[in-house]
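Peer 1: A single structure is presented below for examination.
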Amino acid sequence: MYLYSEFDRTYVRNRVRMFRDQVDRRIDGSLSEEEFKPFRLMNGLYLQLHAYMLRVAIPYGTLDSRRLRQLAFIADRWDRGYGHFTTRQNIQFNWPRLKDVPDILDALADVDMHAIQTSGNCIRNVTADHFAGAAADELSDPRPVAELIRQWSTDHPEFTFLPRKFKIAVTGSPNDRAVTRAHDIGLRMVHSKEGQNGFEVIVGGGLGRTPVIGKVIREHLPEADLLPYLEAILHVYNAIGRRDNKYKARIKITVRETGIDAFRSRVEERFRIIRKEFLGADQQVIRRIRDTFAEPDYVQAPTAAFDDALRRDPAFRDFANGNVHRHKNPDYGIVSVSLKAHGRTPGDASSKQMRILADLAEAYGHDELRISHEQNVILPHVHRKDIPAVFAELSRGGLGTPNVGLASDIIACPGMDYCALATARSIPVARDIAVRLREIERDVGSLKIKISGCINACGHHHVGHIGILGLDRAGVENYQITLGGDATETAALGDRAGPGFPADELVPAIERLALTYLDIREDQDESFLETYRRTGLAPFQAALYPDAVPKGRGGHPERSNDAVS
Amino acid sequence: MARPFTPKVLTANHLLDGDVVYLAPGSRLTRKLSEAMLIEDESTAKALLEAAEARSSVLVGPYLADAIRDSDGRPRSTHIRETLRADGPSIDIL
């Protein structure tokens, strides 16, 4: 776990003190909303449809029981008893009152947390593989690197007013669970041919209104060059990124308009200039950070209880098969706790559930928790002998849903139920799809459904096996479907299937896709995505638009009714 | 050609709690769309919006939202977004 120094604590407390003064001045009328808005956004405070929303940074999704209990306390004391975990591994409180926010920030500071840089055109919370430090396939733990980047990027004077927001993701595994190819910068920890540790650096990825899969700017960057290279990329982006048009200001557009080779040349030129200014302090810091991310003191004990439960209990078998992942210590498992109970809001956890998770982490999980970008909670280190007990406790708290990786494990942004930018609702769509597919989801197997309530794509719909984008068509919700997206190391953007669906036709359409897959897959081992890649759009389009005239404009079928796309 | 004016309600978020509020008769603020004043002419709408913008110690982001009069004579929104603003999230909260 990361550790704050006294400098960090003083810095965060001072920021809270400043914000308290700004809130007081806003309430007494000394500051206008125009003057106040930049201050509140710099402290993670948004104004949404019905209320303020406070977005709290969870550094690369890493929590312990003390911090999670504090989030539960905040939810009860100043909000409505729950929080919403997001695709950026953060938590959002949906109902704080303005005058309470400084108190909430003080309560966060009590456990070395804050909401700084969760908004604005700066480097946002660094995200990482949620199995970091535990995964069997991991080359190296990405958390120390993420922490180094966090310390470097927090309040970085050169990068506080970038052309647009900037997101960095890190993975230490060849199996990419951090969506590195859809970030402004993605870092994949790799070994060189000579066995030297380093990074594949990917730049210019992103979703939103212009989805782009990032391009490799450096195949192997030595570890010690990381910060100067990041600084070189940010410097070039800051200098040539567009500020004339908000929709063309992300680095993906800069890279596209400049060309990856020309962009790389500029970065390498800048890197040569600044590399010599890095005299090794960053390497001293990361060595200290690594000490704070030491492996847990693993327990050596028989695992028979796990095997017994597998034999005896079919419900546990479903849980173990879906929600427990391979740990690098074969006596341990990584437990993914689904926040996707059928019919509930993806990513929401009540304060009671947060406390259950904190208790379990403390009792069975070496006091570690992670939040995944898929809006679930991870207990990364659970001895296999303890997993049956963990499952029992989770089930009592409504947290034992064995659906991780299945059709109901849906990513959904808050959508128009909360978000001021949304053009359609996401949560009811996710809820209804999960309930509708419940009976067949085990047959369907791995299926990533991702839903965004607007073109900004917070729900990652472009990289969903089935992506759903909610739009506003003359005041009525309408949903476009994309197929074949992929968020992993084989990243791909989904193909638009055709005209959109009104809300009441969407869920049956998604069910037809799942049933079509079951009909046409070669065998049970061929996943939905593999089937799609083998067959292409055609059989799925036929299922979506059974009454359509084949091959309309742009290769899309045309519906025979009046639906608008 | 300018679009013809359609009836509106004046809405904003309240500074202290972010609640959705509407302008009701007598310059009163209400949290119920059904109690809001339906504004049926453009010049009144413009004047009320200017007045609301001046109440920045109470109101954040005032604007005019389309509405119609329902069969009970009360204002009702014509867009899903405004319906959700008026009614709150359409989902169960934990």
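The values are calculated or read from the model by the stated rules, or taken from the named source; none is laboratory data. Remember, it's a predicted structure, so these values are computed and weren't measured experimentally. Positions of Cβ are backbone-derived with ideal geometry, glycine not excepted, and every protein chain shown enters the neighbour counts.
Peer 1: Go through the residues of segment A:44-52 one by one and say whether even a single one is crowded, with 21+ Cβ neighbours inside 10 Å, away from chain B (no Cβ under 14 Å) and of a type in the set (A, V, I, L, M, F, W, C).
Peer 2: No, because not a single residue in segment A:44-52 is crowded, with 21+ Cβ neighbours inside 10 Å, away from chain B (no Cβ under 14 Å) and of a type in the set (A, V, I, L, M, F, W, C).
Peer 1: Does any residue in segment B:76-94 that is touching a residue at least 40 places away in the same chain (Cβ under 8 Å) come within less than 6 Å, Cβ to Cβ, of a residue that is hydroxyl-bearing (Ser, Thr, Tyr) six or more places away or on a different chain, and which pairs are these?
Peer 2: B:SER77/B:THR83; B:ALA86/B:SER77
Peer 1: While we're looking at this one, here's another question. All but one of (1) closer than 30 Å to A:ASP141 by Cα; (2) within 26 Å of the chain's Cα centre (by Cα); (3) not hydrophobic (A, V, I, L, M, F, W, C) hold for A:ARG9, so report the exception by its number.
Peer 2: (2)
Peer 1: If I go through segment A:394-425 residue by residue, how many of them are facing another protein chain (nearest Cβ under 10 Å), crowded, with 24+ Cβ neighbours inside 10 Å and in a loop (DSSP other than H, G, I, E, B)?
Peer 2: Going through segment A:394-425 one residue at a time, the tally reaches 5.
Peer 1: Quick check on B:ILE93: is it facing another protein chain (nearest Cβ under 7 Å), exposed (fewer than 15 other Cβ atoms within 10 Å of the Cβ), closer than 24 Å to A:ASP417 by Cα and among the hydrophobic types (A, V, I, L, M, F, W, C)?
Peer 2: Working: facing another protein chain (nearest Cβ under 7 Å): yes; exposed (fewer than 15 other Cβ atoms within 10 Å of the Cβ): yes; closer than 24 Å to A:ASP417 by Cα: yes; among the hydrophobic types (A, V, I, L, M, F, W, C): yes.
When the stated conditions are applied, B:ILE93 passes them.
Peer 1: Go through segment A:483-506 and count every residue that is buried (at least 22 other Cβ atoms within 10 Å of the Cβ), touching a Lys or Arg at 6+ places or on another chain (Cβ under 8 Å) and farther than 17 Å from A:SER446 by Cα.
Peer 2: 2
Peer 1: Pick from B:ALA47, B:ALA36, B:ALA24, B:ALA67: which is over 22 Å from A:ARG97 (Cα atoms), free of Cβ contacts under 8 Å to residues at least 12 places away in the same chain and not β-branched (Val, Ile, Thr)? Step through it out loud before you land on a result.
Peer 2: Values: B:ALA36 fails: free of Cβ contacts under 8 Å to residues at least 12 places away in the same chain; B:ALA24 fails: free of Cβ contacts under 8 Å to residues at least 12 places away in the same chain; B:ALA67 fails: free of Cβ contacts under 8 Å to residues at least 12 places away in the same chain.
Of the residues listed, the single one that is over 22 Å from A:ARG97 (Cα atoms), free of Cβ contacts under 8 Å to residues at least 12 places away in the same chain and not β-branched (Val, Ile, Thr) is B:ALA47.
Peer 1: Something else now. Looking at A:ARG326 and the list (1) in contact (Cβ under 8 Å) with a residue 60 or more places away in the chain; (2) surrounded by 15 or more Cβ atoms within 10 Å (Cβ to Cβ); (3) in contact with a strand residue (DSSP E or B) (Cβ under 8 Å, 6 or more places away or on another chain), which single condition is not satisfied?
Peer 2: (2)
Residues checked against (1) touching a Phe, Trp or Tyr at 6+ places or on another chain (Cβ under 6 Å); (2) more than 9 Å from chain B (Cβ to nearest Cβ); (3) not in a strand (DSSP E or B):
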site	(1), (2), (3)
A:TYR11	no, yes, yes
A:ARG15	no, yes, yes
A:MET18	no, yes, yes
A:ARG25	no, yes, yes
A:SER30	no, yes, yes
A:GLU34	no, no, yes
A:TYR60	no, yes, yes
A:LEU68	no, yes, yes
A:PRO96	yes, no, yes
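Peer 1: Inside segment A:165-179, can you point out the residues that are part of a loop (DSSP other than H, G, I, E, B), farther than 21 Å from A:ASN238 by Cα and either out of contact with any Asp or Glu (no Cβ under 8 Å at 6 or more places or on another chain) or not hydroxyl-bearing (Ser, Thr, Tyr) (or both)?
Peer 2: Narrowing segment A:165-179 to residues part of a loop (DSSP other than H, G, I, E, B): A:165, A:167, A:172-179.
Now narrow it down to the ones that are farther than 21 Å from A:ASN238 by Cα: A:172-179.
Answer for segment A:165-179, where residues must be part of a loop (DSSP other than H, G, I, E, B), farther than 21 Å from A:ASN238 by Cα and either out of contact with any Asp or Glu (no Cβ under 8 Å at 6 or more places or on another chain) or not hydroxyl-bearing (Ser, Thr, Tyr) (or both): A:GLY172, A:PRO174, A:ASN175, A:ASP176, A:ARG177, A:ALA178, A:VAL179.
Peer 1: Then there is this: Could you tell me how many of the residues in segment A:70-87 are under 18 Å from the mean Cα position of the chain (by Cα) and away from chain B (no Cβ under 14 Å)?
Peer 2: Going residue by residue through segment A:70-87, those that are under 18 Å from the mean Cα position of the chain (by Cα) are A:83-87.
Adding the requirement that they be away from chain B (no Cβ under 14 Å) leaves A:86-87.
Number of matching residues: 2.
Peer 1: Now for a different question. Return a yes/no flag: does segment A:238-260 have any residue that is more than 23 Å from A:ILE123 (Cβ to Cβ), loosely packed, with under 12 Cβ neighbours inside 10 Å and charged (D, E, K, R).
Peer 2: no
Peer 1: Is it the case that segment A:469-478 has a residue that's within 13 Å of another protein chain (Cβ to nearest Cβ) and not in a strand (DSSP E or B)?
Peer 2: Looking through segment A:469-478, at least one residue is within 13 Å of another protein chain (Cβ to nearest Cβ) and not in a strand (DSSP E or B).
Peer 1: Sticking with this one: Only one of A:ALA412, A:ALA430 is over 30 Å from A:ASP523 (Cβ atoms), of a type in the set (A, V, I, L, M) and at pLDDT 95 or above; which? Break it down into steps so the answer makes sense when it comes.
Peer 2: On the way: A:ALA430 fails: over 30 Å from A:ASP523 (Cβ atoms).
Testing whether each residue is over 30 Å from A:ASP523 (Cβ atoms), of a type in the set (A, V, I, L, M) and at pLDDT 95 or above leaves just A:ALA412.
Peer 1: Report, by residue number, each residue of segment B:77-88 that is in contact with an Asp or Glu (Cβ under 8 Å, 6 or more places away or on another chain) and buried (at least 18 other Cβ atoms within 10 Å of the Cβ). Show your work before the answer.
Peer 2: Quick first cut of segment B:77-88, residues in contact with an Asp or Glu (Cβ under 8 Å, 6 or more places away or on another chain) only: B:77-82, B:84.
Within segment B:77-88, B:SER77, B:ILE80, B:ARG81, B:GLU82, B:LEU84 meet the criteria.
Peer 1: Related question: What are the residues in segment A:228-267 that are in contact (Cβ under 8 Å) with a residue 12 or more places away in the chain and either among the aliphatic types (A, V, I, L, M) or not assigned by TED's automatic domain parsing to the domain that holds A:ILE217 (or both), if any?
Peer 2: A:LEU230, A:ALA232, A:ILE233, A:LEU234, A:VAL236, A:ILE240, A:ALA249, A:ILE251, A:ILE253, A:VAL255, A:ILE260, A:VAL267 - these are the residues of segment A:228-267 that are in contact (Cβ under 8 Å) with a residue 12 or more places away in the chain and either among the aliphatic types (A, V, I, L, M) or not assigned by TED's automatic domain parsing to the domain that holds A:ILE217 (or both).
Peer 1: Let me ask something additional. For segment A:139-171, which positions are over 21 Å from A:ASP282 (Cβ atoms) and either free of Cβ contacts under 8 Å to residues at least 40 places away in the same chain or surrounded by fewer than 20 Cβ atoms within 10 Å (Cβ to Cβ) (or both)?
Peer 2: If the condition is that a residue be over 21 Å from A:ASP282 (Cβ atoms) and either free of Cβ contacts under 8 Å to residues at least 40 places away in the same chain or surrounded by fewer than 20 Cβ atoms within 10 Å (Cβ to Cβ) (or both), then A:PHE161, A:LYS165 are the ones that fit.
Peer 1: Assess whether A:ARG272 counts as being at pLDDT 95 or above, assigned to a helix (DSSP H, G or I) and surrounded by 16 or more Cβ atoms within 10 Å (Cβ to Cβ). Don't jump to the end; show me each part of the working.
Peer 2: Details: at pLDDT 95 or above: yes; assigned to a helix (DSSP H, G or I): yes; surrounded by 16 or more Cβ atoms within 10 Å (Cβ to Cβ): no.
The answer is no for A:ARG272.
Peer 1: Further, regarding this structure: Going through B:ALA54, B:ALA67, B:ALA45 one at a time, which residue ends up being away from every other protein chain (no Cβ under 14 Å), more than 30 Å from A:GLY81 (Cα to Cα) and either modelled with pLDDT of 95 or more or surrounded by fewer than 19 Cβ atoms within 10 Å (Cβ to Cβ) (or both)? Give the steps one after another, and end with the answer.
Peer 2: Values: B:ALA54 fails: away from every other protein chain (no Cβ under 14 Å); B:ALA67 fails: away from every other protein chain (no Cβ under 14 Å).
That would be B:ALA45, the only listed residue that is away from every other protein chain (no Cβ under 14 Å), more than 30 Å from A:GLY81 (Cα to Cα) and either modelled with pLDDT of 95 or more or surrounded by fewer than 19 Cβ atoms within 10 Å (Cβ to Cβ) (or both).
Peer 1: (1) in contact with a helix residue (DSSP H, G or I) (Cβ under 7 Å, 6 or more places away or on another chain); (2) farther than 18 Å from A:ASP261 by Cβ: which one isn't true of A:ILE185, the others all being true?
Peer 2: For A:ILE185, the exception is condition (2).
Peer 1: In segment A:332-356, which residues are away from chain B (no Cβ under 14 Å) and either in a helix (DSSP H, G or I) or touching a strand residue (DSSP E or B) at 6+ places or on another chain (Cβ under 6 Å) (or both)?
Peer 2: Step one: list which residues in segment A:332-356 are away from chain B (no Cβ under 14 Å), which gives A:332-338.
Passing the criteria: A:TYR332, A:GLY333, A:ILE334, A:VAL335, A:SER336, A:VAL337.
Peer 1: Between A:ARG355, A:ARG344, A:ARG317, A:ARG312, which is touching a helix residue (DSSP H, G or I) at 6+ places or on another chain (Cβ under 8 Å) and free of Cβ contacts under 8 Å to residues at least 40 places away in the same chain? First the steps, then the outcome.
Peer 2: Working: A:ARG355 fails: free of Cβ contacts under 8 Å to residues at least 40 places away in the same chain; A:ARG344 fails: free of Cβ contacts under 8 Å to residues at least 40 places away in the same chain; A:ARG312 fails: touching a helix residue (DSSP H, G or I) at 6+ places or on another chain (Cβ under 8 Å).
It is A:ARG317.
Peer 1: Select from segment A:449-468 the residues that are farther than 16 Å from A:LEU406 by Cα and within 14 Å of chain B (Cβ to nearest Cβ) and write down the one among them that is surrounded by the most Cβ atoms within 10 Å (Cβ to Cβ).
Peer 2: The selected residue is A:GLY453.
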